[in-house]
Amino acid sequence: MKNMKKIFVATALFFIISLFGTEISAQRYQEGLIDKTIVLIGNDMIMLSDLENEVQMMSARGFTADRNARCQILEEMLVSKLFLNQARIDSLEINDANVESALSQRIDEVMTQLGGEKQMEEYFQKPLYKLRQEWKEMLTEQSLMQDMQRKVASNIPNLTPSDIEKYCKETPEEDLPIVSTQYRIRQIVLYPDKEAAELEVKERLLELRERIVGGEKFSTLARIYSQDPGSYTKGGELGMASRSIFWPAFSDAAMSLKVGQVSQIVETPDGFHLIELIAREGDMFNARHILLKPHYTTEDRVKAFNRLDTIRTRILGDSISFFNAARYLSEDRKTATNGGLLADEYTGSSYFEKDQLKPADYNVLKDMQEGDISEPFESLDNEGRSGNTVYKIIMLEKIIPSHVANYKTDFNVLLDDANRKNSNAAIDQFITEKQKSTYIMIDPLFKECNFIREGWVK
């Protein structure tokens, strides 16, 4: 009789959920009224609460979660379960360090988005220790699933040059990758008088600090003087956020302050700051800041441009090559040693697409022809950070127009494309085979979902 009652209650709940739809069921679950198993897959199950936890996380990150989003999330969870089950069979080891790192990152991100630990606990209606337990379990499974995916994708044969040549010939042109226009450039760089500009900024900040200590409001001065476009309209206030999202020097300075205290001058790659601590909770803080960046004078610019003009004239007059001029006269030592040649520090490639170049460089480059040397112009240093002004001339050494990848010039592009397609095919085949051999039962509540893959509903 007791078991019959359980069956009746479960049937009644199922009827209610089916009647009102996914959105209503989600609302009723969030109100604490119901939870139920919505998927049986092998020896695992997916609860409605599991799905809604992911939807809630999605909402916390600022995304809208409707019925289609729930269906998409559910399918991702189904795929994960297939890989997770195989990972257990293969006894894959868990990388605890990666899991802990991902967990800390998630907590910091959500706390920053919601405004602190208390707000996060109120939003999820759970204490932090409980969220840590749930998220760690989920991230552990996610890590195993990703490791299993990599293992499946890696079980493809290494491709030889003849394989790539055959791939290029047999693949329809419209299915081959497009290589964007690429540029090979050299540069000669001069820096402005950085020391004098930084000294001027520090003097201005010291003056502002004295005014604050003397009784003027930090927020008022931030609105007037700060050069941070994201915070000056709010009186320099940054909002409660994890220390991990700021430059270490900024976080360390802010966390060392007492509430209401104003820091000394703090230098970061963005410029120079004054910081006032508003509140601190664990590894999170809310602070105001005033950001000032070094300002270079017209005199600096004219002096650098005149010198670059002289260098350019000597190159055009064949009294010195661009290579040697860059090697001996450029102040950017990273490129000077290679005759001014720009190269990617990670790949070593000396060819750059438009999106890989600094906007100021591309704006000059786009109207040049091979062999042209630009007039002097203002740009940013190799780090590309705001305020790190440099002056330069560039030579456009080579242009490779946009084209369909071919075996002769784009072997690595074709190799990556072929490997990607083979990996995706191996993963698709794995999922298809596991769908056939795994017991899968999905609640009729989700029977109308337009899953990307067939084979979930049998």
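The values are calculated or read from the model by the stated rules, or taken from the named source; none is laboratory data. Quick caveat: nothing in here was measured; it's all calculated off a predicted structure. A quick note on method: Cβ atoms are made from the backbone with ideal geometry, for glycine too, and the neighbour counts reach across all protein chains shown.
Quick notes
- Hits in the range 354-375 (condition: loosely packed, with under 13 Cβ neighbours inside 10 Å and of a type in the set (Gly, Ala, Ser)): 371
- Residues that are loosely packed, with under 14 Cβ neighbours inside 10 Å, at pLDDT 95 or above and out of contact with any helix residue (DSSP H, G or I) (no Cβ under 6 Å at 6 or more places or on another chain) number at least 3 in the following helices (runs of 4 or more DSSP H) confined to the range 288-353: 298-316.
- Every residue from the range 187-211 that is under 30 Å from residue 354 (Cβ atoms) and out of contact with any Asp or Glu (no Cβ under 6 Å at 6 or more places or on another chain): 187, 188, 194
- Qualifying residue in the range 257-272 (condition: of a type in the set (S, T, N, Q), at pLDDT 95 or above, surrounded by 14 or more Cβ atoms within 10 Å (Cβ to Cβ) and not in a helix (DSSP H, G or I)): yes
- For the range 206-239, filtered to residues that are closer than 13 Å to residue 276 by Cα and aliphatic (A, V, I, L, M), the residue that is surrounded by the most Cβ atoms within 10 Å (Cβ to Cβ) is 222.
- Candidates in the range 168-205 are the residues that are among the polar types (S, T, N, Q) and in contact (Cβ under 8 Å) with a residue 40 or more places away in the chain; of these, the one that is surrounded by the most Cβ atoms within 10 Å (Cβ to Cβ) is 187.
- Any chance residue 455 is modelled with pLDDT under 95 and within 30 Å of residue 294 (Cα to Cα): no
- The set of residues from the range 170-199 being assigned to a loop (DSSP other than H, G, I, E, B) and farther than 27 Å from residue 314 by Cα comprises 171, 172, 176, 177, 180, 181.
- The range 415-440 - residue that is among the basic types (Lys, Arg) and over 25 Å from residue 44 (Cα atoms) and, of those, farthest from the chain's Cα centre (by Cα): 421
- Qualifying positions in the range 86-106 - part of a helix (DSSP H, G or I) and of a type in the set (D, E, K, R): 88, 96, 100, 106
- Residue tally, condition under 21 Å from residue 282 (Cα atoms) and not β-branched (Val, Ile, Thr), over the range 83-107: 7
- For the range 418-458, the set of residues classified as aliphatic (A, V, I, L, M), surrounded by fewer than 15 Cβ atoms within 10 Å (Cβ to Cβ) and either touching a Lys or Arg at 6+ places or on another chain (Cβ under 9 Å) or part of a loop (DSSP other than H, G, I, E, B) (or both) consists of 441, 452, 457, listed by residue number.
- Criterion applied to 121, 109 was being touching a Leu at 6+ places or on another chain (Cβ under 7 Å), farther than 30 Å from residue 438 by Cα, of a type in the set (D, E, K, R) and not in a loop (DSSP other than H, G, I, E, B), and the one residue passing it is 121.
- Any hit, the range 68-85, residues being touching a Leu at 6+ places or on another chain (Cβ under 9 Å), assigned to a helix (DSSP H, G or I), closer than 30 Å to residue 238 by Cα and touching a residue at least 60 places away in the same chain (Cβ under 8 Å): no
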